[in-house]
Amino acid sequence: MRYVSTRGQAPELSFEDVVLAGLASDGGLYVPKTIPTFSMAEIAAMGSLNYADLAYKIIAPFTGGEIAPDALKKIIDDSYAQFRHSAVAPLKQLDAHTFVLELFHGPTLAFKDFALQFLGRLLDHILQKRGQKAVIVGATSGDTGSAAIAGCRARSNMSIFILHPKGRVSDVQRKQMTTVLDSNVHNIAVEGTFDDCQDIVKTLFNDKNFRAETPITAVNSINWARILAQVVYYFYSALALGAPAKAVSFCVPTGNFGDIYAGYIAKRMGLPINQLIIATNRNDILSRCVATGTYGMNGVSPTISPSMDIQISSNFERLLFDLHDRDGGGINRMMNNFREAKSLTLSPLVHSRLKAEFAAASANDDETKNTIAETFAATGELLDPHTAVGLCAAHKARADNTTPLVLLATAHPAKFPDAVTAASGVHPALPAHLADLFSREERLDELPCDATAIKKFIQGRG
Ligand SMILES: *Cc1c(COP(=O)(O)O)cnc(C)c1O
(Lines give C-alpha, C1' and ligand atoms only; values in the text may rest on other atoms or scores of the structure.)
Protein backbone atom coordinates (compact mmCIF):
# COMPACT_ATOMS: atom_id res chain seq x y z
CA MET A 1 0.00 0.00 0.00
CA ARG A 2 1.52 3.30 -1.15
CA TYR A 3 0.40 6.81 -0.29
CA VAL A 4 0.49 9.88 -2.53
CA SER A 5 0.35 13.58 -1.71
CA THR A 6 -2.68 15.61 -2.80
CA ARG A 7 -0.24 18.15 -4.31
CA GLY A 8 1.63 15.58 -6.37
CA GLN A 9 5.14 16.90 -5.63
CA ALA A 10 6.15 14.87 -2.54
CA PRO A 11 7.54 11.31 -2.71
CA GLU A 12 5.18 8.34 -2.42
CA LEU A 13 5.45 6.84 1.05
CA SER A 14 4.56 3.63 2.85
CA PHE A 15 1.99 3.49 5.67
CA GLU A 16 4.51 3.84 8.52
CA ASP A 17 6.27 6.77 6.86
CA VAL A 18 2.94 8.52 6.30
CA VAL A 19 2.03 8.11 9.98
CA LEU A 20 5.39 9.60 11.02
CA ALA A 21 5.30 12.39 8.42
CA GLY A 22 1.82 13.84 9.05
CA LEU A 23 1.86 16.61 6.43
CA ALA A 24 3.56 15.88 3.07
CA SER A 25 6.75 17.80 2.21
CA ASP A 26 4.95 19.68 -0.60
CA GLY A 27 2.34 20.98 1.86
CA GLY A 28 -0.22 18.41 0.70
CA LEU A 29 -1.97 15.61 2.57
CA TYR A 30 -1.28 11.94 2.08
CA VAL A 31 -4.01 9.64 0.75
CA PRO A 32 -3.86 5.95 -0.25
CA LYS A 33 -2.97 5.40 -3.89
CA THR A 34 -5.90 3.00 -4.12
CA ILE A 35 -8.77 2.54 -1.66
CA PRO A 36 -9.30 -1.09 -0.59
CA THR A 37 -12.87 -2.28 -1.15
CA PHE A 38 -15.12 -4.96 0.36
CA SER A 39 -17.86 -6.89 -1.44
CA MET A 40 -21.42 -6.93 -0.08
CA ALA A 41 -20.84 -10.50 1.13
CA GLU A 42 -17.67 -9.47 2.94
CA ILE A 43 -19.46 -6.55 4.61
CA ALA A 44 -22.40 -8.76 5.59
CA ALA A 45 -19.96 -11.17 7.26
CA MET A 46 -18.66 -8.33 9.47
CA GLY A 47 -22.02 -7.95 11.18
CA SER A 48 -21.13 -10.29 14.02
CA LEU A 49 -17.80 -8.68 14.96
CA ASN A 50 -17.21 -6.65 18.09
CA TYR A 51 -15.81 -3.12 17.71
CA ALA A 52 -12.11 -3.98 17.99
CA ASP A 53 -12.34 -7.00 15.66
CA LEU A 54 -14.19 -4.92 13.08
CA ALA A 55 -11.59 -2.15 13.44
CA TYR A 56 -8.85 -4.67 12.68
CA LYS A 57 -10.64 -5.86 9.50
CA ILE A 58 -11.02 -2.29 8.24
CA ILE A 59 -7.64 -0.90 9.23
CA ALA A 60 -5.37 -3.83 8.25
CA PRO A 61 -5.69 -3.44 4.43
CA PHE A 62 -4.36 0.13 4.69
CA THR A 63 -1.15 -0.86 6.47
CA GLY A 64 0.34 -2.79 3.56
CA GLY A 65 1.44 -5.51 5.98
CA GLU A 66 3.96 -3.17 7.60
CA ILE A 67 2.59 -3.70 11.11
CA ALA A 68 2.70 -7.36 12.14
CA PRO A 69 -0.87 -8.72 12.54
CA ASP A 70 -0.43 -9.53 16.26
CA ALA A 71 1.01 -6.09 16.97
CA LEU A 72 -1.77 -4.32 15.06
CA LYS A 73 -4.41 -6.39 16.82
CA LYS A 74 -2.95 -5.48 20.21
CA ILE A 75 -2.74 -1.75 19.36
CA ILE A 76 -6.39 -1.78 18.35
CA ASP A 77 -7.59 -3.92 21.28
CA ASP A 78 -5.77 -1.69 23.79
CA SER A 79 -7.07 1.51 22.13
CA TYR A 80 -10.74 0.55 22.37
CA ALA A 81 -10.40 -1.13 25.78
CA GLN A 82 -10.11 2.44 27.12
CA PHE A 83 -13.76 3.15 26.27
CA ARG A 84 -16.33 2.96 29.08
CA HIS A 85 -19.20 1.40 27.13
CA SER A 86 -19.07 -2.28 26.16
CA ALA A 87 -20.33 -1.40 22.67
CA VAL A 88 -17.55 1.25 22.39
CA ALA A 89 -19.73 3.31 19.99
CA PRO A 90 -23.36 2.65 21.06
CA LEU A 91 -26.39 3.78 19.07
CA LYS A 92 -29.35 5.44 20.78
CA GLN A 93 -32.68 5.93 19.05
CA LEU A 94 -34.16 9.45 19.01
CA ASP A 95 -37.22 8.82 16.86
CA ALA A 96 -38.50 6.23 14.38
CA HIS A 97 -35.67 6.70 11.90
CA THR A 98 -33.06 8.85 13.68
CA PHE A 99 -30.23 7.37 15.71
CA VAL A 100 -27.46 9.02 17.71
CA LEU A 101 -24.04 7.38 17.52
CA GLU A 102 -22.43 8.11 20.90
CA LEU A 103 -18.76 8.70 20.20
CA PHE A 104 -18.05 10.15 23.64
CA HIS A 105 -17.35 7.12 25.84
CA GLY A 106 -13.57 7.47 25.52
CA PRO A 107 -11.17 8.88 28.13
CA THR A 108 -11.79 12.57 27.28
CA LEU A 109 -15.49 12.36 26.31
CA ALA A 110 -15.12 13.36 22.65
CA PHE A 111 -14.86 11.46 19.38
CA LYS A 112 -11.22 12.49 18.95
CA ASP A 113 -10.36 9.69 21.39
CA PHE A 114 -11.19 7.14 18.64
CA ALA A 115 -8.34 8.48 16.53
CA LEU A 116 -5.86 9.56 19.18
CA GLN A 117 -5.95 6.42 21.35
CA PHE A 118 -5.03 4.53 18.17
CA LEU A 119 -2.50 7.05 16.81
CA GLY A 120 -0.62 7.31 20.14
CA ARG A 121 -0.13 3.55 20.37
CA LEU A 122 0.62 3.18 16.66
CA LEU A 123 3.28 5.93 16.71
CA ASP A 124 4.89 4.42 19.79
CA HIS A 125 5.06 1.02 18.08
CA ILE A 126 6.63 2.44 14.91
CA LEU A 127 9.16 4.47 16.94
CA GLN A 128 10.06 1.41 19.04
CA LYS A 129 10.64 -0.65 15.88
CA ARG A 130 12.93 2.04 14.48
CA GLY A 131 14.75 2.82 17.73
CA GLN A 132 13.52 6.43 17.56
CA LYS A 133 12.00 8.85 20.04
CA ALA A 134 9.53 11.64 19.32
CA VAL A 135 8.63 14.87 21.04
CA ILE A 136 5.01 15.81 20.33
CA VAL A 137 4.28 19.53 20.45
CA GLY A 138 0.85 21.13 20.01
CA ALA A 139 -1.34 24.07 20.93
CA THR A 140 -4.93 23.65 22.06
CA SER A 141 -7.91 25.86 22.72
CA GLY A 142 -9.13 23.04 24.94
CA ASP A 143 -10.40 20.00 23.11
CA THR A 144 -7.75 18.32 20.99
CA GLY A 145 -5.09 18.77 23.68
CA SER A 146 -6.76 16.49 26.17
CA ALA A 147 -7.40 13.74 23.61
CA ALA A 148 -3.77 13.96 22.39
CA ILE A 149 -2.47 13.76 25.97
CA ALA A 150 -4.72 10.79 26.73
CA GLY A 151 -3.40 9.02 23.62
CA CYS A 152 0.30 9.72 24.29
CA ARG A 153 0.51 9.35 28.09
CA ALA A 154 2.68 6.51 29.34
CA ARG A 155 4.04 5.74 25.84
CA SER A 156 7.71 4.91 26.27
CA ASN A 157 9.08 6.49 23.08
CA MET A 158 7.25 9.79 23.18
CA SER A 159 6.91 12.85 25.31
CA ILE A 160 4.17 15.40 24.76
CA PHE A 161 4.09 19.18 25.34
CA ILE A 162 0.71 20.89 25.02
CA LEU A 163 0.42 24.67 25.18
CA HIS A 164 -2.87 26.19 26.29
CA PRO A 165 -3.78 29.85 26.89
CA LYS A 166 -3.65 30.41 30.67
CA GLY A 167 -7.09 31.04 32.16
CA ARG A 168 -8.79 30.81 28.76
CA VAL A 169 -9.82 27.16 28.61
CA SER A 170 -12.80 25.85 30.56
CA ASP A 171 -12.22 24.20 33.95
CA VAL A 172 -13.26 20.79 32.63
CA GLN A 173 -10.91 21.12 29.68
CA ARG A 174 -7.95 22.26 31.80
CA LYS A 175 -8.48 19.56 34.39
CA GLN A 176 -8.71 16.86 31.71
CA MET A 177 -5.20 17.86 30.61
CA THR A 178 -3.46 18.83 33.83
CA THR A 179 -4.58 15.90 36.00
CA VAL A 180 -2.70 13.48 33.75
CA LEU A 181 0.43 13.08 35.87
CA ASP A 182 2.55 10.72 33.72
CA SER A 183 6.14 11.87 33.54
CA ASN A 184 6.09 12.16 29.72
CA VAL A 185 3.19 14.67 29.78
CA HIS A 186 3.90 18.41 30.01
CA ASN A 187 1.13 20.99 30.18
CA ILE A 188 2.26 24.54 29.55
CA ALA A 189 -0.08 27.40 30.47
CA VAL A 190 1.05 30.32 28.31
CA GLU A 191 0.45 33.93 29.38
CA GLY A 192 -1.44 34.75 26.19
CA THR A 193 -4.24 33.75 23.82
CA PHE A 194 -4.77 30.58 21.80
CA ASP A 195 -3.43 32.41 18.72
CA ASP A 196 -0.24 33.22 20.68
CA CYS A 197 0.10 29.51 21.54
CA GLN A 198 -0.34 28.55 17.90
CA ASP A 199 2.20 31.15 16.79
CA ILE A 200 4.77 29.78 19.25
CA VAL A 201 4.19 26.24 17.97
CA LYS A 202 4.60 27.46 14.38
CA THR A 203 7.83 29.26 15.35
CA LEU A 204 9.14 26.02 16.86
CA PHE A 205 8.27 23.96 13.77
CA ASN A 206 9.93 26.55 11.50
CA ASP A 207 13.13 26.72 13.59
CA LYS A 208 15.61 24.45 11.77
CA ASN A 209 18.28 24.71 14.48
CA PHE A 210 15.85 23.77 17.21
CA ARG A 211 14.44 20.87 15.18
CA ALA A 212 17.92 19.56 14.44
CA GLU A 213 18.45 19.09 18.19
CA THR A 214 14.89 18.22 19.17
CA PRO A 215 12.91 16.15 16.64
CA ILE A 216 9.41 17.55 17.21
CA THR A 217 6.26 16.01 15.69
CA ALA A 218 2.59 17.02 15.51
CA VAL A 219 -0.44 14.77 15.96
CA ASN A 220 -2.81 17.07 14.11
CA SER A 221 -6.02 16.21 12.37
CA ILE A 222 -4.45 15.70 8.95
CA ASN A 223 -2.60 12.53 10.00
CA TRP A 224 -3.93 9.69 7.83
CA ALA A 225 -4.07 7.27 10.78
CA ARG A 226 -6.64 9.53 12.46
CA ILE A 227 -8.94 9.39 9.44
CA LEU A 228 -8.47 5.63 9.20
CA ALA A 229 -9.54 5.00 12.79
CA GLN A 230 -12.70 7.03 12.18
CA VAL A 231 -13.80 4.95 9.17
CA VAL A 232 -14.57 2.07 11.53
CA TYR A 233 -17.60 3.52 13.30
CA TYR A 234 -19.38 4.22 10.02
CA PHE A 235 -19.26 0.50 9.25
CA TYR A 236 -20.08 -0.43 12.84
CA SER A 237 -23.22 1.70 13.12
CA ALA A 238 -24.46 0.90 9.59
CA LEU A 239 -24.07 -2.84 10.28
CA ALA A 240 -26.09 -2.45 13.47
CA LEU A 241 -28.90 -0.87 11.40
CA GLY A 242 -29.03 -3.56 8.73
CA ALA A 243 -26.20 -2.77 6.29
CA PRO A 244 -25.26 -3.77 3.73
CA ALA A 245 -28.82 -4.90 2.81
CA LYS A 246 -30.09 -1.50 3.92
CA ALA A 247 -28.47 1.86 3.15
CA VAL A 248 -28.21 4.44 5.93
CA SER A 249 -27.48 8.18 5.98
CA PHE A 250 -25.07 10.06 8.23
CA CYS A 251 -25.02 13.58 9.55
CA VAL A 252 -21.69 14.83 10.93
CA PRO A 253 -20.91 17.97 12.97
CA THR A 254 -17.98 19.25 10.94
CA GLY A 255 -14.95 21.49 11.43
CA ASN A 256 -11.75 20.34 9.75
CA PHE A 257 -13.63 17.82 7.57
CA GLY A 258 -11.75 14.85 9.08
CA ASP A 259 -14.70 13.00 10.55
CA ILE A 260 -17.06 13.24 7.59
CA TYR A 261 -14.23 12.53 5.15
CA ALA A 262 -13.84 9.20 6.98
CA GLY A 263 -17.51 8.54 6.10
CA TYR A 264 -16.74 9.25 2.47
CA ILE A 265 -13.88 6.72 2.64
CA ALA A 266 -16.27 4.14 4.15
CA LYS A 267 -18.55 4.69 1.16
CA ARG A 268 -15.63 4.32 -1.26
CA MET A 269 -14.76 1.03 0.46
CA GLY A 270 -18.20 -0.32 -0.44
CA LEU A 271 -20.46 0.59 2.49
CA PRO A 272 -23.90 1.55 1.09
CA ILE A 273 -24.47 5.12 2.30
CA ASN A 274 -27.45 7.14 1.16
CA GLN A 275 -26.70 10.72 2.28
CA LEU A 276 -23.59 12.20 3.89
CA ILE A 277 -24.70 15.46 5.49
CA ILE A 278 -22.12 18.08 6.47
CA ALA A 279 -23.35 20.05 9.49
CA THR A 280 -21.71 23.42 10.16
CA ASN A 281 -22.28 26.19 12.69
CA ARG A 282 -22.03 29.89 11.72
CA ASN A 283 -18.53 29.14 10.44
CA ASP A 284 -20.06 27.62 7.35
CA ILE A 285 -17.40 27.67 4.63
CA LEU A 286 -18.30 24.07 3.72
CA SER A 287 -22.07 24.56 3.57
CA ARG A 288 -21.58 27.63 1.43
CA CYS A 289 -19.29 25.68 -0.87
CA VAL A 290 -21.84 22.89 -1.34
CA ALA A 291 -24.56 25.47 -2.04
CA THR A 292 -22.63 27.83 -4.33
CA GLY A 293 -19.49 26.07 -5.58
CA THR A 294 -17.27 28.77 -4.04
CA TYR A 295 -14.96 27.89 -1.15
CA GLY A 296 -14.21 31.24 0.44
CA MET A 297 -12.77 32.30 3.81
CA ASN A 298 -14.93 34.59 5.96
CA GLY A 299 -13.01 34.89 9.25
CA VAL A 300 -13.97 32.98 12.41
CA SER A 301 -16.91 33.83 14.67
CA PRO A 302 -16.98 32.27 18.14
CA THR A 303 -20.03 30.03 18.77
CA ILE A 304 -21.32 27.70 21.49
CA SER A 305 -19.90 24.78 19.45
CA PRO A 306 -16.25 25.94 19.61
CA SER A 307 -14.66 22.78 18.18
CA MET A 308 -16.30 23.61 14.85
CA ASP A 309 -15.15 27.27 14.82
CA ILE A 310 -12.80 27.05 11.87
CA GLN A 311 -11.76 29.32 9.06
CA ILE A 312 -10.91 26.56 6.56
CA SER A 313 -11.24 22.76 6.65
CA SER A 314 -7.81 21.25 6.06
CA ASN A 315 -9.04 17.77 5.13
CA PHE A 316 -11.29 19.18 2.38
CA GLU A 317 -8.19 19.15 0.18
CA ARG A 318 -8.32 15.34 0.24
CA LEU A 319 -11.81 15.41 -1.23
CA LEU A 320 -10.88 18.08 -3.80
CA PHE A 321 -8.09 15.77 -4.96
CA ASP A 322 -10.63 13.03 -5.77
CA LEU A 323 -13.18 15.43 -7.26
CA HIS A 324 -10.42 16.61 -9.66
CA ASP A 325 -9.58 13.05 -10.76
CA ARG A 326 -6.50 13.01 -8.50
CA ASP A 327 -4.65 15.70 -10.46
CA GLY A 328 -1.96 16.65 -7.91
CA GLY A 329 -0.44 19.39 -10.07
CA GLY A 330 -3.87 20.98 -10.44
CA ILE A 331 -4.54 20.84 -6.68
CA ASN A 332 -1.10 22.34 -6.02
CA ARG A 333 -1.90 25.35 -8.22
CA MET A 334 -5.41 25.61 -6.80
CA MET A 335 -4.23 25.61 -3.15
CA ASN A 336 -1.47 28.12 -3.89
CA ASN A 337 -4.03 30.44 -5.47
CA PHE A 338 -6.37 29.86 -2.55
CA ARG A 339 -3.68 30.93 -0.09
CA GLU A 340 -3.40 34.27 -1.87
CA ALA A 341 -7.03 34.88 -2.85
CA LYS A 342 -8.66 33.26 0.24
CA SER A 343 -11.29 31.87 -2.13
CA LEU A 344 -11.61 29.33 -4.91
CA THR A 345 -14.45 28.50 -7.26
CA LEU A 346 -15.12 24.94 -8.39
CA SER A 347 -15.84 24.19 -12.03
CA PRO A 348 -19.50 23.27 -12.73
CA LEU A 349 -18.45 19.62 -13.17
CA VAL A 350 -16.58 19.47 -9.84
CA HIS A 351 -19.37 21.33 -8.05
CA SER A 352 -21.92 18.82 -9.33
CA ARG A 353 -19.68 15.96 -8.17
CA LEU A 354 -19.48 17.57 -4.72
CA LYS A 355 -23.27 17.87 -4.52
CA ALA A 356 -23.63 14.26 -5.63
CA GLU A 357 -21.49 13.09 -2.67
CA PHE A 358 -22.58 15.49 0.10
CA ALA A 359 -25.53 17.46 1.38
CA ALA A 360 -24.93 20.31 3.83
CA ALA A 361 -26.73 22.66 6.19
CA SER A 362 -25.78 24.94 9.03
CA ALA A 363 -27.26 26.02 12.36
CA ASN A 364 -26.70 29.25 14.26
CA ASP A 365 -26.42 29.45 18.06
CA ASP A 366 -30.13 30.10 18.61
CA GLU A 367 -31.11 27.12 16.49
CA THR A 368 -28.54 25.03 18.34
CA LYS A 369 -29.95 26.00 21.75
CA ASN A 370 -33.51 25.33 20.57
CA THR A 371 -32.47 21.92 19.29
CA ILE A 372 -30.96 21.04 22.68
CA ALA A 373 -34.13 22.17 24.47
CA GLU A 374 -36.56 20.47 22.06
CA THR A 375 -34.65 17.20 22.02
CA PHE A 376 -34.52 17.13 25.80
CA ALA A 377 -38.24 17.81 26.04
CA ALA A 378 -39.14 15.17 23.45
CA THR A 379 -36.72 12.37 24.36
CA GLY A 380 -34.99 13.12 27.66
CA GLU A 381 -31.62 13.07 25.86
CA LEU A 382 -29.15 15.89 26.47
CA LEU A 383 -27.16 16.73 23.34
CA ASP A 384 -23.91 18.65 23.48
CA PRO A 385 -23.90 21.81 21.31
CA HIS A 386 -21.88 20.19 18.47
CA THR A 387 -24.26 17.26 18.23
CA ALA A 388 -27.20 19.69 18.36
CA VAL A 389 -25.79 21.57 15.34
CA GLY A 390 -25.79 18.17 13.64
CA LEU A 391 -29.40 17.37 14.49
CA CYS A 392 -30.62 20.78 13.35
CA ALA A 393 -28.72 20.41 10.06
CA ALA A 394 -30.08 16.88 9.62
CA HIS A 395 -33.65 18.21 9.86
CA LYS A 396 -32.85 20.75 7.16
CA ALA A 397 -30.93 18.52 4.76
CA ARG A 398 -32.22 14.96 4.98
CA ALA A 399 -33.82 13.82 1.77
CA ASP A 400 -36.45 11.56 3.33
CA ASN A 401 -37.67 10.52 6.76
CA THR A 402 -37.58 6.78 6.23
CA THR A 403 -33.91 6.02 5.53
CA PRO A 404 -32.28 5.47 8.93
CA LEU A 405 -30.14 8.51 9.75
CA VAL A 406 -27.15 8.25 12.07
CA LEU A 407 -26.20 11.49 13.80
CA LEU A 408 -22.65 11.45 15.10
CA ALA A 409 -22.57 12.67 18.72
CA THR A 410 -19.08 14.11 18.82
CA ALA A 411 -18.92 15.15 22.49
CA HIS A 412 -20.52 14.34 25.84
CA PRO A 413 -22.85 17.12 27.07
CA ALA A 414 -20.85 17.41 30.32
CA LYS A 415 -17.92 18.72 28.29
CA PHE A 416 -19.91 21.87 27.51
CA PRO A 417 -21.98 22.27 30.69
CA ASP A 418 -22.66 26.01 30.42
CA ALA A 419 -24.26 25.91 26.97
CA VAL A 420 -26.22 22.76 27.77
CA THR A 421 -27.53 24.11 31.09
CA ALA A 422 -28.50 27.44 29.53
CA ALA A 423 -30.45 25.69 26.77
CA SER A 424 -32.12 22.88 28.73
CA GLY A 425 -32.19 24.00 32.35
CA VAL A 426 -30.46 20.74 33.26
CA HIS A 427 -26.85 20.52 34.37
CA PRO A 428 -25.19 17.55 32.61
CA ALA A 429 -23.28 15.38 35.08
CA LEU A 430 -19.81 14.05 34.36
CA PRO A 431 -19.77 10.27 33.90
CA ALA A 432 -18.71 8.19 36.90
CA HIS A 433 -15.09 7.71 35.83
CA LEU A 434 -14.59 11.49 35.82
CA ALA A 435 -16.86 12.38 38.72
CA ASP A 436 -13.84 13.20 40.93
CA LEU A 437 -12.10 15.26 38.21
CA PHE A 438 -12.29 18.47 40.21
CA SER A 439 -10.59 16.99 43.26
CA ARG A 440 -7.69 15.42 41.33
CA GLU A 441 -4.16 16.75 41.63
CA GLU A 442 -3.09 19.05 38.80
CA ARG A 443 0.35 19.59 37.35
CA LEU A 444 1.24 22.33 34.89
CA ASP A 445 3.99 24.84 34.21
CA GLU A 446 3.24 28.50 33.62
CA LEU A 447 5.50 30.14 31.07
CA PRO A 448 5.67 33.58 29.46
CA CYS A 449 4.40 34.12 25.92
CA ASP A 450 7.88 33.69 24.48
CA ALA A 451 9.09 31.04 22.03
CA THR A 452 12.64 31.07 23.41
CA ALA A 453 11.48 30.30 26.95
CA ILE A 454 9.32 27.46 25.65
CA LYS A 455 12.14 26.03 23.53
CA LYS A 456 14.37 25.97 26.62
CA PHE A 457 11.67 24.27 28.63
CA ILE A 458 11.18 21.55 26.00
CA GLN A 459 14.92 20.98 25.58
CA GLY A 460 15.29 20.59 29.31
CA ARG A 461 12.63 17.87 29.47
CA GLY A 462 12.21 16.32 25.99
C1 LIG B 1 -13.09 18.19 16.47
C2 LIG B 1 -14.54 18.24 16.74
C3 LIG B 1 -15.49 18.37 15.70
C4 LIG B 1 -15.08 18.57 14.24
O5 LIG B 1 -14.51 17.42 13.68
P6 LIG B 1 -13.69 17.51 12.30
O7 LIG B 1 -13.10 16.17 12.09
O8 LIG B 1 -12.64 18.58 12.54
O9 LIG B 1 -14.64 17.91 11.22
C10 LIG B 1 -16.84 18.33 16.02
N11 LIG B 1 -17.25 18.19 17.30
C12 LIG B 1 -16.38 18.07 18.33
C13 LIG B 1 -16.90 17.94 19.72
C14 LIG B 1 -14.99 18.08 18.09
O15 LIG B 1 -14.14 17.96 19.12
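Matching residues to (1) farther than 22 Å from Gln132 by Cβ; (2) at pLDDT 95 or above:
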{"site": "Tyr3", "(1), (2)": "no, yes"}
{"site": "Arg7", "(1), (2)": "yes, yes"}
{"site": "Ala24", "(1), (2)": "no, no"}
{"site": "Ser39", "(1), (2)": "yes, yes"}
{"site": "Pro69", "(1), (2)": "yes, yes"}
{"site": "Phe83", "(1), (2)": "yes, yes"}
{"site": "Val88", "(1), (2)": "yes, yes"}
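I'd like to verify a number: residues in the range 361-385 that are assigned to a loop (DSSP other than H, G, I, E, B), more than 15 Å from the ligand (Cβ to nearest atom) and in contact (Cβ under 8 Å) with a residue 60 or more places away in the chain, how many? So that I can check it myself, show each step before the final result.
The initial filter retains those residues of the range 361-385 that are assigned to a loop (DSSP other than H, G, I, E, B), namely 363-364, 380-384.
Then keep just the ones that are more than 15 Å from the ligand (Cβ to nearest atom); that gives 364, 380-381.
Narrowing the set further to residues that are in contact (Cβ under 8 Å) with a residue 60 or more places away in the chain leaves 364, 381.
Looking only at that region, the number is 2.
Looking only at the range 266-288, which residues are within 16 Å of the ligand (Cβ to nearest atom) and either touching a His at 6+ places or on another chain (Cβ under 9 Å) or hydrophobic (A, V, I, L, M, F, W, C) (or both)?
Within the range 266-288, Ala266, Leu276, Ile277, Ile278, Ala279, Asn281, Ile285, Leu286 qualify.
Out of Gly142, Gly106, which single residue is closer than 24 Å to Ile304 by Cβ and surrounded by fewer than 24 Cβ atoms within 10 Å (Cβ to Cβ)?
Working: Gly106 fails: surrounded by fewer than 24 Cβ atoms within 10 Å (Cβ to Cβ).
One residue alone meets the criteria, Gly142.
For the subset of the range 386-411 comprising residues that are more than 9 Å from the ligand (Cβ to nearest atom) and assigned to a helix (DSSP H, G or I), which member is nearest to Pro428 (Cα to Cα)?
Checking each candidate, the answer is Ala388.
When the range 351-360 is examined, which residues are found to be buried (at least 16 other Cβ atoms within 10 Å of the Cβ) and in a helix (DSSP H, G or I)?
Of the range 351-360, the ones buried (at least 16 other Cβ atoms within 10 Å of the Cβ) are 351, 353-354, 357-360.
Listed by number, the residues that qualify are His351, Arg353, Leu354, Glu357.
Which residues, counting only those in the range 231-265, are within 16 Å of the ligand (Cβ to nearest atom), of a type in the set (Ser, Thr, Tyr) and outside any loop (DSSP other than H, G, I, E, B)? Quick ask: steps written out before the conclusion?
Pass one, the range 231-265, residues within 16 Å of the ligand (Cβ to nearest atom): 231-234, 250-265.
Okay, now just the ones that are also of a type in the set (Ser, Thr, Tyr), so 233-234, 254, 261, 264.
Of everything in the range 231-265, those that are within 16 Å of the ligand (Cβ to nearest atom), of a type in the set (Ser, Thr, Tyr) and outside any loop (DSSP other than H, G, I, E, B) turn out to be Tyr233, Tyr234, Tyr261, Tyr264.
Do we have any residue at all in the range 289-304 that's within 12 Å of the ligand (Cβ to nearest atom) and either modelled with pLDDT of 95 or more or within 18 Å of Thr144 (Cα to Cα) (or both)? Show your work before the answer.
First, pick out the residues of the range 289-304 that are within 12 Å of the ligand (Cβ to nearest atom): 303-304.
Applying the additional criterion that residues be either modelled with pLDDT of 95 or more or within 18 Å of Thr144 (Cα to Cα) (or both) yields 303-304.
Looking for residues that are within 12 Å of the ligand (Cβ to nearest atom) and either modelled with pLDDT of 95 or more or within 18 Å of Thr144 (Cα to Cα) (or both), one finds at least one in the range 289-304, hence yes.
Condition check: farther than 16 Å from Asn315 by Cβ, surrounded by fewer than 23 Cβ atoms within 10 Å (Cβ to Cβ) and out of contact with any His (no Cβ under 7 Å at 6 or more places or on another chain). Does Gly242 satisfy that?
On the way: farther than 16 Å from Asn315 by Cβ: yes; surrounded by fewer than 23 Cβ atoms within 10 Å (Cβ to Cβ): yes; out of contact with any His (no Cβ under 7 Å at 6 or more places or on another chain): yes.
Yes, satisfied.
Condition first: crowded, with 19+ Cβ neighbours inside 10 Å and more than 16 Å from the ligand (Cβ to nearest atom). Now tell me which residues in the range 151-165 satisfy that. Show your work before the answer.
First pass over the range 151-165, keeping only residues crowded, with 19+ Cβ neighbours inside 10 Å: 151-152, 155, 158-165.
Hits for the range 151-165 are Cys152, Arg155, Met158, Ser159, Ile160, Phe161, Leu163, Pro165.
Do we have Ile162 as hydrophobic (A, V, I, L, M, F, W, C), touching a helix residue (DSSP H, G or I) at 6+ places or on another chain (Cβ under 6 Å) and farther than 23 Å from Thr203 by Cβ here?
On the way: hydrophobic (A, V, I, L, M, F, W, C): yes; touching a helix residue (DSSP H, G or I) at 6+ places or on another chain (Cβ under 6 Å): yes; farther than 23 Å from Thr203 by Cβ: no.
Here the answer is no, as Ile162 does not meet what is asked.
State which residue is nearest to Ala115 (Cα to Cα) when the search covers only the range 204-221 and only residues that are outside any loop (DSSP other than H, G, I, E, B) and within 24 Å of the chain's Cα centre (by Cα).
As a first pass, look at the range 204-221 and keep what is outside any loop (DSSP other than H, G, I, E, B): 204-206, 208-213, 216-217.
Next, only the ones that are within 24 Å of the chain's Cα centre (by Cα) stay: 204-205, 216-217.
Numbers: Leu204: 25, Phe205: 23, Ile216: 20, Thr217: 16 Å.
The extreme case among them is Thr217.
Return the only residue of Ala422, Ala435 being more than 15 Å from the ligand (Cβ to nearest atom) and more than 25 Å from Val180 (Cα to Cα).
Values: Ala435 fails: more than 25 Å from Val180 (Cα to Cα).
Every option except Ala422 fails the conditions.
Just for the range 166-187: of the residues that are assigned to a helix (DSSP H, G or I) and in contact with a Lys or Arg (Cβ under 9 Å, 6 or more places away or on another chain), which one is surrounded by the most Cβ atoms within 10 Å (Cβ to Cβ)?
Among residues in the range 166-187 that are assigned to a helix (DSSP H, G or I) and in contact with a Lys or Arg (Cβ under 9 Å, 6 or more places away or on another chain), the one surrounded by the most Cβ atoms within 10 Å (Cβ to Cβ) is Gln176.
What number of residues within the range 177-210 satisfy the criterion of being under 15 Å from Ile160 (Cα atoms), in contact (Cβ under 8 Å) with a residue 60 or more places away in the chain and among the polar types (S, T, N, Q)?
Looking only at that region, the number is 3.
Just the residues that are under 20 Å from Gly258 (Cβ atoms), in contact (Cβ under 8 Å) with a residue 40 or more places away in the chain and assigned to a strand (DSSP E or B), please, taken from the range 2-31.
Across the range 2-31, the qualifying residues are Tyr3, Val4, Ser5, Leu23, Leu29, Tyr30, Val31.
Return the residue satisfying two criteria in turn: it lies in the range 306-346 and is in a loop (DSSP other than H, G, I, E, B) and of a type in the set (Val, Ile, Thr), and of such residues it is surrounded by the most Cβ atoms within 10 Å (Cβ to Cβ).
Among them, the one singled out is Ile312.
The values are calculated or read from the model by the stated rules, or taken from the named source; none is laboratory data. Values in this document were obtained by computation on a predicted structure and should not be read as measured data. All Cβ positions, glycine included, derive from the backbone under ideal geometry; neighbour counts span all protein chains shown.
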